[in-house]
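Chemist: Please find one structure pasted underneath; my questions will follow.
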Amino acid sequence: QVQPVESGGGLVQAGGSLRLSCAASGRTFSSHTMGWFRQVPGKEREFVARIWWSGGLTAYADSVKGRFTISRVNAKNTVYLQMNSLKSEDTAVYYCAAGEGLRAGLTPITYSYWGQGTQVTVSS
């Protein structure tokens, strides 16, 4: 079992940067695919980025490609989301999630463990 805990959210001006961190408890962190999702009120939770358990393969939503970077340090049980060139439309609650290997894809239902979320607000 893996329990993610997000941190690093906050208020930033458009064009600025933030780095989100997700520290996950559990001895099986290194075998889990980790994902970042985001959600705004009244909308479904949407995929942002994913990194495989080995860290060797990543995937991004088209809306963040080239601006966001996902990475992980298995020795620290931590995954990061570096967000650059932030836009007002990036404002959302960001969630970290852990899924089982190849079964963890681009949809929330494929992830088993979720953090509580961290608010990111981008002012224009």
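Chemist: Which ones in region 66-106 are at pLDDT 95 or above, not basic (Lys, Arg) and not in a strand (DSSP E or B)?
Modeler: The answer is Gly66, Asn84, Ser85, Leu86, Ser88, Glu89, Asp90, Thr91.
Chemist: Okay, moving on. Can you tell me which residue in region 1-17 is least open to solvent (accessible area, probe 1.4 Å), limited to those that are part of a loop (DSSP other than H, G, I, E, B) and farther than 16 Å from Ser112 by Cβ?
Modeler: Taking region 1-17 first, the residues part of a loop (DSSP other than H, G, I, E, B) are 1-2, 8-9, 14-17.
The next check asks that each one be farther than 16 Å from Ser112 by Cβ; those that pass are 8-9, 14-17.
On the way: Gly8: 35, Gly9: 35, Ala14: 56, Gly15: 57, Gly16: 19, Ser17: 63 Å².
The residue in question is Gly16.
Chemist: I need the full set of residues from region 1-59 which are among the β-branched types (Val, Ile, Thr) and under 21 Å from Thr107 (Cα atoms), in order please.
Modeler: Correct list: Val2, Val5, Thr33, Val40, Val48, Ile51, Thr58.
Chemist: For a quick check of your reading: which strands (runs of 3 or more DSSP E) sit entirely within region 21-65 and have at least 3 residues that are under 12 Å from the mean Cα position of the chain (by Cα) and within 16 Å of Gly117 (Cα to Cα)?
Modeler: By residue number, 32-39, 46-51.
Chemist: Within region 60-76, identify whether any single residue is small (Gly, Ala, Ser) and surrounded by 18 or more Cβ atoms within 10 Å (Cβ to Cβ), and answer yes or no.
Modeler: no
Chemist: Looking only at region 23-44, which residues are over 19 Å from Lys65 (Cβ atoms) and either open to solvent by 70 Å² or more (accessible area, probe 1.4 Å) or basic (Lys, Arg) (or both)?
Modeler: If the condition is that a residue be over 19 Å from Lys65 (Cβ atoms) and either open to solvent by 70 Å² or more (accessible area, probe 1.4 Å) or basic (Lys, Arg) (or both), then Arg27, Pro41, Gly42, Lys43, Glu44 are the ones that fit.
Chemist: With (1) of a type in the set (D, E, K, R); (2) in contact with a helix residue (DSSP H, G or I) (Cβ under 9 Å, 6 or more places away or on another chain); (3) over 16 Å from Val2 (Cβ atoms) as the list, and Asp90 as the residue in question, which single condition is left unmet?
Modeler: Asp90 satisfies every listed condition except (2).
The values are calculated or read from the model by the stated rules, or taken from the named source; none is laboratory data. In this text, all values refer to a predicted model and were calculated from it rather than measured experimentally. Every residue, glycine as well, gets a Cβ built from its backbone with ideal geometry; the counts of neighbours run over all protein chains shown. When the accessible area is computed, the model is the full protein with side chains, heavy atoms only, and any ligands, DNA or RNA have been set aside. Shrake-Rupley method; radii C 1.70, N 1.55, O 1.52, S 1.80 Å.
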